[in-house]
Amino acid sequence: LDFDGHVADARVGEALAALRRRCGEVRFLGSYEKADRSPASVHPSASEQAFHAATEWLNEVRAGRSA
């Protein structure tokens, strides 16, 4: 598959890990800059910041600090 994002992005890493959990074989061929070097267009709810905020919330829920 081909998508905007980098393997170092937490949200992309989680997506790749989830894919690996579901598929018997996943081959990672690399993570490359866009040819036109323009920034990726990412919906705010799918941004790296939104991913981190959701992860922090989940950690609080698991720790019993949030409802």
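The values are calculated or read from the model by the stated rules, or taken from the named source; none is laboratory data. Quantities reported herein were computed from a predicted structural model and do not represent experimental measurements. Positions of Cβ are backbone-derived with ideal geometry, glycine not excepted, and every protein chain shown enters the neighbour counts. Side chains are part of the model used for accessible areas, which takes the heavy atoms of the whole protein and leaves out ligands, DNA and RNA. Shrake-Rupley method; radii C 1.70, N 1.55, O 1.52, S 1.80 Å.
Summary table
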item: Identity of the residue in region 4-21, open to solvent by 60 Å² or more (accessible area, probe 1.4 Å) and touching a residue at least 12 places away in the same chain (Cβ under 8 Å), that ends up farthest from ALA40 (Cα to Cα); result: GLU14
item: Leading residue by the ranking (surrounded by the fewest Cβ atoms within 10 Å (Cβ to Cβ)) among those in region 43-53 that are of a type in the set (A, V, I, L, M) and in contact with a helix residue (DSSP H, G or I) (Cβ under 9 Å, 6 or more places away or on another chain); result: ALA46
item: Single residue of region 54-67 satisfying the filter (of a type outside the set (Gly, Ala, Ser) and either farther than 16 Å from GLY13 by Cβ or open to solvent by 60 Å² or more (accessible area, probe 1.4 Å) (or both)) that is modelled with the lowest pLDDT; result: ARG65
item: Options LEU1, LEU19: the member that is more than 11 Å from the chain's Cα centre (by Cα) and at pLDDT 90 or above; result: LEU19
item: Filter result (at pLDDT below 85 and of a type in the set (Gly, Ala, Ser)) within region 4-16; result: GLY5
item: Count of residues meeting criterion [open to solvent by less than 100 Å² (accessible area, probe 1.4 Å), polar (S, T, N, Q) and in contact (Cβ under 8 Å) with a residue 12 or more places away in the chain] in region 22-42; result: 1
